[in-house]
Every structure is written in C-alpha cells, then in structure tokens.
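Undergrad: One structure, as structure tokens, below. Some questions next.
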Amino acid sequence: MSRTPPGWTWAYEGYDPAEERLRESLCTLGNGYFATRGALPECGADAVHSPGTYAAGCYNRLESQVAGRRVENEDLVNLPNWLPLRFRPGGEDTAGNSPTPWLSPDTHPPLDHRLTLDLRTGILERATRYVDDAGRHLAVRQLRLVHMGDPHLAALRTEFTAEDWSGPLEVESALDGAVANTGVARYRQLANRHLTHVHTGTAPSRDVVWLRCRTTTSDIRVGMAARTTTDGDTDTTTTHSPERACLLLRPLMEPGRTVTVDKCVALHTSRDPAISDPLHAAVDRVGRAPDFEALADAHRAAWEQLWRAGEMDVPGQAGRILRLHLFHLLQTLSPHTADLDVGVPARGLHGEAYRGHVFWDELFVLPYLNLHLPEVSRALLDYRHRRLERACFAARDAGRAGAMYPWQSGSDGREETQRLHLNPRSGRWLPDHSRLQHHVGSAIAYNVWQYGEATGDAEFMHTKGAEMLLQIARFWADAATWDKARGRYRILGVVGPDEYHDGYPGASRPGIDDNTYTNVTAAWVLARALDLLRSLPEPRRRDLFERTALADAELDIWQDVSRRLLVPWHRGIVSQFDGYGELAEFDWDRYRKAYGDIRRLDRILEAEGDTVNRYQASKQADVLMLGYLFAPAELRGLFRRLGHELDDTTWRRTVDYYLHRTSHGSTLSSLVHAWVLPRVRRAEAWRFCQEALTGDIADLQGGTTGEGIHLGAMAGTLDLVQRGLTGLEPRGGVLRLDPAPLPELSRFGLSIRYRGHWGVRLRLSAGQLHITVPASDRGPIDVALGDCTVSVPPGETCLLPLPQGADGLSMHTAYP
Ligand code: BGC
C-alpha cells in the first residue's frame, strides 16, 4: 500500500479531555448506512467522552416533562456501542490490586497519544502508550474502519506491545446496549433511553457474541454481532451481563512482542431489505466476513472509487479542509444512501444535535451531489416525495391547500420541531416558533428543479418532481392573501431563514410578514411549476390534473401571485420583512465588547430580559440567500417579474446593509456570504470563505461541532468551489459558466458527472478555463461562457479564455 500523501490526513497529538468531543465528531467514521463517532474504545459515555453509533433514518419518539409541560421529541437513536475494547495487564499491581484497573486516559494519563484520520483510506489510527500502576508499559495501536464497501460491517484492529513485562493481558471486547442519547447537554432534561428488550448471547462459533434490542416506540429491531480473534496465545471466556455482550481474552505477552486483537462487527436493523431478522443477518454476516486485512483492502478500494467521483484539486490548506468536508459528506450520504429511505441530517450521522432531523439544509447539499452522485440526490428527493402526502395533510390541518413541508422532518414527515427550546444562558424554556419557516418547501422545490437541470432526468421530473412542485406551488398560492390597499399579495405570519425574528415586538401572534426571501422564492416556485406543467407530455399532464383536481383557473391565480407578491423596501434597500427597517439599530460594538462572541445574540438578549425581535440584527443570511440561490441575471429577472428593478447598485447597497447587521449565528451564514461577496465585495469575500472552511475544524460556533458536524456548511464549501466560484449552472441542457474566482482561490480543478457524462474535468487557471469531456458514445456538451458557446465532444478538451475581470485578479462586475 502506498503512503498517504500529505494533505490527506488529520492528526491530533496528545490527550486533551476538553477537546475530546470535537475530535470524536471530526474523527467519525461512516458509510451512509451508519456512522460511529471517533470515541476511544476503552472509554464509556461520561462528561468527557460521547461514543455514539447512528444508523441513517433510525428514529424513536419519547415523551418528557419540561417546564411543567409534556413534550414529545423524535431522536436519531444512539444504537448499542460496538466499540468497547478495554484492557489491563493481568495479575496484581504495586498496590496489590487484583485485578488491576482497566487502563484509560482519564485514570492513567498516556505517555504518548496520537489520533490520525486518513481521508484517502477512511481508516482512523490511534497510537497510545500507557504505563499502569505497577510501572508496566503497554503500547496500543488501533486501526478502525466503518466499511464503505459493505455498509453493515465495521472493524477494529488493536496491536498491543508489552514493552517491559510479561504475563497475561486482559482484553474485554464488548457490545454495549446500556446506552442513551446523552450527547447534547441542552437535551439532558429530556427522556433519552430509546432502547429496550436488550438481550445478549454467544453464537455457536465461540468467538462471536451478539446483542439484540429494539427501539421503544418506533419498534425498530436491531441486531449486532462481534467476532473477536487474536494471534496471541489466549484463553477466551464470555462474560455477558443483561445489556452487555462480552468476550474476555487473556493473551500472554512477552517484552517487545506484539499481539493483535481483531474485532469485526456487523449491524442490521429491521429497516433493512432482504433479511429475515436483524440478529440472524448480523451473526451470519460477521461469520462470513473475511479477516481484517481483506476487509481493509475492500474498504480502501471503495474509498478510492468515491474519491474519483468527487475529484477536486484545490491547493494548500483550503484543499485539505475541503477534502475533510467531502470525506464527512460521503460518510453521511454515500452510494449506499441511494437504497435507503432517508433525508439529509443537518448534523450528519456524527452526533445528536438537532436530533438527526432533516431541515432545509439539503439546499446546500443536493446541488453538489447532483453533479457527482445523482442517484443519491434522487433518493433524497424520494424521501421528500414519500412524505408529500403527509405535507398535504399538514397544509390541510392548517386550513391551506397544497403541501406544507415540515421545518424539521424525521421518520414519517410530520413536523418534528420542538415546541420549547432551552436557552442555556438563562436556563429558561421558551416557545419555539421556528416551525413557521415554511420556506423549507421552496428549498425542496428548488432542489427538484436543480436535479432536473443537472441530470435531464425527465422521468423523475414528469412524475414525482412535478407532483412535489405542483403541491408546493399550490401551498404558496393559497398562503398568499390579497391586500387591496397595497395592491399586492402578502404572506403573513412566517419566519424567514433568519430565525432571530419570530414575531413583531409586543405582538400577540408569532411570525413576521412579507419575508422577502419567502416571497421571492415562492414566486420562483410558482413560475417554475407553471413552466413544468406546460412542458409535460399531454397524457401525463392530463393524469396529473385529474389526480390533483388542478384546473386552468388555478394556474391563472398562480400566474398572478407569482407577479404580484409583495417585496418590502426601506430607504432603497430590500427589506428582510415588512417593518425590518423600523426596528431599533443594535449596538454591535457595545455587545461585542461586553460578550466577545455574540453569534447567539438571541440567547444573550433573552437572558438580559430583552428580545432580539426589537432590533435590526439577523442571525444569518436572509435576503442575501437570494444571491446564493440565483445567478445575478436570474435574480434580476425575478425582481423584474415582481415589478422591481434590482440593479447592481441596489443589490450592492442591500448586501452592505445586512453585512453590518448579521451576527452569523449559523455556519450557513458565512458560507452564503462567501458565495455572494466574490461578485459584490470581493475584498471581503475571503474572510467569509475562511470562516466557512474553518467552521467545524475550529468549532467556531462555540462547542457545537462536538455535538455533530454542520453538514450543510461542509457540503456548501465544496459547492462554493464547484458552482460558486465558477458560476457553473446547468440550465436548459447547457452548462453555463460565469467565473468569479478569488485571488486566494483562482487556480483549481474539479470533475463532475453531467447528464450521463462521467468525469467531466474543469480546470481554472491563469485567466483560462479548460474543459475535458471523457470519451464515450454520448453527444457533445454545450458550454456557455460569456458571449461564447461551444460544443465539446467526448474525448476532447476545450480551452476558453475568461472574460476580462474574471481571472481572480481584477474586479468582476456581475450586475452590469
Ligand atoms: C440554522 C438553520 C439550519 C439549522 C440546522 C440553524 O441554526 O439557523 O438555518 O437549518 O441550524 O442546520
């Protein structure tokens, strides 16, 4: 095996309890089916360590009492822990303790400790040297993988070297079912035990132990089996307790000799297809699994293919971080995801924050996946389509037509947003109105449309895609109320992407009115739905109209609403919502001085007895999100359709205005600014790019990465290079480009999969763009850059000069 090149590893030196949770998140290994945090196998869950294994889509619902109210929450379940492997030199220690205590970095500070995550191979290596109470030195090297080829397998190899002693080493390899969802401190007052009926046992082949259990309310059955073997001379016994399946090995150690213990684990749940029962499937699979080396070879080969699909060549530290982001994206959403009924979990499969729920964050993920793993995008859209009926019920229950998708979605697509949330600063439980973020529906519609443009998958667009788009459009048309005095349609009582503003100061009802982002995207959805319906083959159009009782008169209303939705303005600025301009100005300097980090201004103000609703202060990009979704010309066109001129100066003024009024309390915020600014305020763009890149590795949101990665921001940075800086836009069968590279990021290459062409390579450098279309029997790709459109046949490379100013060095004007 060749050595991993520099820039492909992440290493952590020394043991630091305060950093442990962050490392566990960033060293999570997964394969789209399940993921396991990078916790140390000899440590259980406690104040320092937070081991966790999560299977995509495996949720359970529990009731709790908080603040005198009964609340219900659905969580991504922390499954039995397959990692446990603890060890201790046998015999007595100097204090006469027999047995000696298990070694752990918390009781026996390691002499050396190093964690190395190899992104190329998906293998996590840890090397630690312990000394026990009797002065015996033990070196431990571990290699861990969660198999990318066989999504039900994981493996842990441990090499023990007794440096200066001989005798038995006790090694306990276990499957632990006594786990709970305790990974997020804010949720600790809530019920957290999701597993019940835990049973353990030994398989006929004595080195395999098993554990089975089920979730308490969703009734998902889980089967896990572990095979533990060693090349050392050992006796082996099973020491199960009711919730822990254990195998105890006692290999004999000699000074300087290394003994290897291999643990191979299989996981199945009753959600899996083609199994009889999860326990049988797990025991059978682990019994048939090859040895560690063969497993690792197959795992590496699977990763090699994935890296080819996601090839991105960005120099320097930015490139290294982007690789880490792609690694975690692919561990959450891999080719295996294409066979699952799951959505995009906002925090990956890496932790318990946001309970594994699915938000609008897929808006930052699917456009990237469309151009690499379109079958995965399609599966993620299928997840939404399967829950379309539920979204229609939700709309009906709210007295609306069409589909009202939930702000937070889990197992069956009902609204999972918590009713109350805790402000950890004040200790108060507060009403949570974030469910009023109905703009999530537009995000789904946008993704449907983007998927269609990137893949040309007419079969999907004419069936499931059209059904979703139609019902989301219908919801918007119905949600819009005509205001005679203003001569405009209005959408009242919503929350925009900036979650800080969930009502007007002192108002009795929650929500704000005429959120520009909501209204402009609703207008876009209505316009695209009309386009799509127009383009449907006549028989299909007829079926759809009949099945959904859609009449031409309704389409006339859609037309009207899409042109006359209200967009509020104040002082020549596009307002975030009606009345934003009249709110008080916020004293940013004073609060920065007083608190330092003011990203979560909402919590600070609430703890002071004030409310962020009173101020012109936003959590994250809201109006500016429009510049993320739409290329400059399209946005201008959308505003024109709504009767407004959005020229370059107005947009620039609007960007400046919010730039000074945003606290960036979400990782998505810096990403969106990094996307928008290269075309408006290039000098400031790099700062936001850096912030977007370092959001998780430096844990910029103050401790949140330890509770799970921010998948939207991670995927978004990949897309920032892929589409943001290149202006790449698949539209109407043409690949359009409008590069706006930054001086700090002006030379890079990437490859995409586009409409049946695999591995189309784009390279931007020195004022030129190279496009190579790999040989195939497909037709040429039409590429448009500035005024120039070319057809690039398979097997050929085309070189296009970048328009003046788009070379990353001089000013680029996107709004002429
Ligand atoms: C952001 C939302 C996002 C959610 C999940 C929140 O902090 O404000 O926009 O969807 O996190 O990532």
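Undergrad: Would you mind stating whether Leu279 is over 30 Å from Gly427 (Cα atoms), part of a helix (DSSP H, G or I) and either in the same structural domain as Arg136 (by TED's automatic domain parsing) or open to solvent by less than 20 Å² (accessible area, probe 1.4 Å) (or both)? Can you show your working first?
TA: On the way: over 30 Å from Gly427 (Cα atoms): yes; part of a helix (DSSP H, G or I): yes; either in the same structural domain as Arg136 (by TED's automatic domain parsing) or open to solvent by less than 20 Å² (accessible area, probe 1.4 Å) (or both): yes.
Yes; evaluated as a whole, the condition is true for this residue.
Undergrad: Moving to a separate point now. Among the residues of segment 654-671, is any within 16 Å of the ligand (Cβ to nearest atom) and more than 20 Å from Asp602 (Cα to Cα)?
TA: Yes.
Undergrad: Restricting attention to segment 518-529, does a residue exist that is of a type in the set (S, T, N, Q) and open to solvent by 10 Å² or more (accessible area, probe 1.4 Å)? Quick ask: steps written out before the conclusion?
TA: At the first step, the residues of segment 518-529 found to be of a type in the set (S, T, N, Q) are 518-519, 521.
Keeping just the survivors that are open to solvent by 10 Å² or more (accessible area, probe 1.4 Å) gives none.
Within segment 518-529, none of the residues are of a type in the set (S, T, N, Q) and open to solvent by 10 Å² or more (accessible area, probe 1.4 Å).
Undergrad: Still on this structure: In this structure, does Ser218 turn out to be open to solvent by 40 Å² or more (accessible area, probe 1.4 Å) and more than 33 Å from the chain's Cα centre (by Cα)?
TA: Judged against the criteria, Ser218 is not a match.
Undergrad: Here is a further query. Which number in (1) within 16 Å of the ligand (Cβ to nearest atom); (2) open to solvent by less than 40 Å² (accessible area, probe 1.4 Å); (3) of a type in the set (Phe, Trp, Tyr) marks the one condition that Tyr354 misses?
TA: The one condition Tyr354 does not meet is (2).
Undergrad: Name the residue that is farthest from the ligand (Cβ to nearest atom), counting only residues in segment 610-653 that are of a type in the set (Gly, Ala, Ser) and open to solvent by 10 Å² or more (accessible area, probe 1.4 Å).
TA: Among residues in segment 610-653 that are of a type in the set (Gly, Ala, Ser) and open to solvent by 10 Å² or more (accessible area, probe 1.4 Å), the one farthest from the ligand (Cβ to nearest atom) is Gly643.
Undergrad: Return the residues of segment 19-42 that are within 25 Å of Val171 (Cα to Cα), assigned to a loop (DSSP other than H, G, I, E, B) and open to solvent by less than 10 Å² (accessible area, probe 1.4 Å); say none if nothing qualifies.
TA: Cys27, Thr28, Arg37, Gly38, Ala39, Leu40, Pro41
Undergrad: Follow-up question, since we're still on this one. I'd like to check something: does segment 305-318 contain any residue that is free of Cβ contacts under 8 Å to residues at least 24 places away in the same chain and under 16 Å from Gly122 (Cβ atoms)?
TA: Scanning segment 305-318, I find at least one residue that is free of Cβ contacts under 8 Å to residues at least 24 places away in the same chain and under 16 Å from Gly122 (Cβ atoms), so the answer is yes.
Undergrad: Here's a check for you: in segment 672-681, which residue that is open to solvent by less than 20 Å² (accessible area, probe 1.4 Å) and assigned to a helix (DSSP H, G or I) is nearest to the ligand (Cβ to nearest atom)? Let's see the steps before the verdict.
TA: Kept after step one, since they are open to solvent by less than 20 Å² (accessible area, probe 1.4 Å), are these residues of segment 672-681: 672-674, 676-678, 680.
Among the residues that remain, those that are also assigned to a helix (DSSP H, G or I) are: 672-674, 676-678.
On the way: Val672: 10, His673: 14, Ala674: 16, Val676: 16, Leu677: 19, Pro678: 22 Å.
Across segment 672-681, the extreme among qualifying residues is Val672.
Undergrad: Ok, one more. Test Ala403 against the criterion of being assigned to a helix (DSSP H, G or I), at pLDDT 95 or above and among the aliphatic types (A, V, I, L, M), and give yes or no.
TA: Values: assigned to a helix (DSSP H, G or I): no; at pLDDT 95 or above: yes; among the aliphatic types (A, V, I, L, M): yes.
So Ala403 does not fit the description; no.
Undergrad: Give all pairs with beta carbons closer than 6 Å in which a residue from segment 481-509 that is among the basic types (Lys, Arg) meets a residue that is away from the ligand (no atom under 16 Å from the Cβ) and not in a strand (DSSP E or B); count only pairs at least 6 apart in sequence or on separate chains.
TA: Arg488/Arg564; Arg488/Leu566; Arg490/Asp514; Arg490/Leu566
Undergrad: A further question follows. What about Gln418, is it surrounded by 21 or more Cβ atoms within 10 Å (Cβ to Cβ), at pLDDT below 95 and in contact with an Asp or Glu (Cβ under 8 Å, 6 or more places away or on another chain)?
TA: yes
Undergrad: Now, a different point. Residues in segment 358-381: is at least one within 16 Å of Tyr59 (Cβ to Cβ) and within 16 Å of the ligand (Cβ to nearest atom)? Lay out the reasoning, then the answer.
TA: So the first thing to find is which residues in segment 358-381 are within 16 Å of Tyr59 (Cβ to Cβ), and the list is 358-359.
Checking the rest, the ones that are also within 16 Å of the ligand (Cβ to nearest atom) come to 358-359.
Yes, segment 358-381 contains at least one residue that is within 16 Å of Tyr59 (Cβ to Cβ) and within 16 Å of the ligand (Cβ to nearest atom).
Undergrad: Sort through Gly702, Gly712, Gly724 and tell me the only one that's within 16 Å of the ligand (Cβ to nearest atom), over 22 Å from Trp569 (Cα atoms) and open to solvent by less than 10 Å² (accessible area, probe 1.4 Å). Steps first, answer last, please.
TA: Details: Gly702 fails: open to solvent by less than 10 Å² (accessible area, probe 1.4 Å); Gly724 fails: within 16 Å of the ligand (Cβ to nearest atom).
Residue meeting the stated conditions: Gly712.
Undergrad: Here's something else I'd like to know. Mind checking which residues of segment 48-95 are in a strand (DSSP E or B), touching a helix residue (DSSP H, G or I) at 6+ places or on another chain (Cβ under 8 Å) and open to solvent by 10 Å² or more (accessible area, probe 1.4 Å)?
TA: Keep residues of segment 48-95 that are in a strand (DSSP E or B), which gives 53-55, 59-66, 69-76, 81, 85-89.
Add one more test, that the residue is touching a helix residue (DSSP H, G or I) at 6+ places or on another chain (Cβ under 8 Å), and what stays is 54, 59, 73-76.
Tyr59, Asn73, Asp75 - these are the residues of segment 48-95 that are in a strand (DSSP E or B), touching a helix residue (DSSP H, G or I) at 6+ places or on another chain (Cβ under 8 Å) and open to solvent by 10 Å² or more (accessible area, probe 1.4 Å).
Undergrad: Quick one: which residue in Arg390, Arg384, Arg414 is more than 16 Å from the ligand (Cβ to nearest atom), assigned to a helix (DSSP H, G or I) and over 22 Å from Ala35 (Cα atoms)? Lay out the reasoning, then the answer.
TA: Values: Arg384 fails: more than 16 Å from the ligand (Cβ to nearest atom); Arg414 fails: assigned to a helix (DSSP H, G or I).
Going through Arg390, Arg384, Arg414 in turn, the sole match is Arg390.
Undergrad: For residues that are farther than 17 Å from Arg736 by Cα and crowded, with 18+ Cβ neighbours inside 10 Å, tally how many sit in segment 748-766.
TA: The qualifying residues number 1.
Undergrad: Run down Asn81, Asn60 and say which single residue is within 24 Å of the chain's Cα centre (by Cα), modelled with pLDDT of 95 or more and closer than 16 Å to Leu29 by Cβ. Break it down into steps so the answer makes sense when it comes.
TA: Working: Asn60 fails: closer than 16 Å to Leu29 by Cβ.
Criteria check complete, one pass: Asn81.
Undergrad: Still on this model: May I ask you to verify whether Ala401 is among the small types (Gly, Ala, Ser), more than 13 Å from the ligand (Cβ to nearest atom), open to solvent by 20 Å² or more (accessible area, probe 1.4 Å) and in contact with an Asp or Glu (Cβ under 6 Å, 6 or more places away or on another chain)?
TA: Numbers: among the small types (Gly, Ala, Ser): yes; more than 13 Å from the ligand (Cβ to nearest atom): yes; open to solvent by 20 Å² or more (accessible area, probe 1.4 Å): yes; in contact with an Asp or Glu (Cβ under 6 Å, 6 or more places away or on another chain): yes.
When the stated conditions are applied, Ala401 passes them.
Undergrad: Quick check: anything in segment 97-104 hydroxyl-bearing (Ser, Thr, Tyr) and part of a strand (DSSP E or B)? Can you show your working first?
TA: Initial filter on segment 97-104 (hydroxyl-bearing (Ser, Thr, Tyr)): 98, 100, 104.
Retained after the next criterion (residues that are part of a strand (DSSP E or B)): none.
There is no residue in segment 97-104 that is hydroxyl-bearing (Ser, Thr, Tyr) and part of a strand (DSSP E or B).
Undergrad: For the list (1) within 16 Å of the ligand (Cβ to nearest atom); (2) basic (Lys, Arg); (3) without any contact (Cβ under 8 Å) to a residue 40 or more places away in the chain, I need the number of the one condition that Arg347 fails.
TA: (3)
Undergrad: Take the conditions farther than 30 Å from Ala458 by Cβ, in contact with a helix residue (DSSP H, G or I) (Cβ under 7 Å, 6 or more places away or on another chain) and either away from the ligand (no atom under 15 Å from the Cβ) or assigned to a helix (DSSP H, G or I) (or both) and apply them to Ala692. Does it pass? Give the derivation first.
TA: Numbers: farther than 30 Å from Ala458 by Cβ: yes; in contact with a helix residue (DSSP H, G or I) (Cβ under 7 Å, 6 or more places away or on another chain): yes; either away from the ligand (no atom under 15 Å from the Cβ) or assigned to a helix (DSSP H, G or I) (or both): yes.
When the stated conditions are applied, Ala692 passes them.
Undergrad: Could you check segment 767-792 and list, in sequence order, the residues that are open to solvent by less than 70 Å² (accessible area, probe 1.4 Å), part of a loop (DSSP other than H, G, I, E, B) and touching a strand residue (DSSP E or B) at 6+ places or on another chain (Cβ under 7 Å)?
TA: Gly767, Pro774, Ser776
The values are calculated or read from the model by the stated rules, or taken from the named source; none is laboratory data. This one's a predicted model, so the numbers in the text were calculated from it and none came from an experiment. Glycine gets a Cβ as well: all are built from the backbone with ideal geometry, and neighbour counts include every protein chain shown. All accessible areas refer to the heavy atoms of the entire protein, side chains included, with ligands and DNA or RNA removed. Shrake-Rupley method; radii C 1.70, N 1.55, O 1.52, S 1.80 Å.
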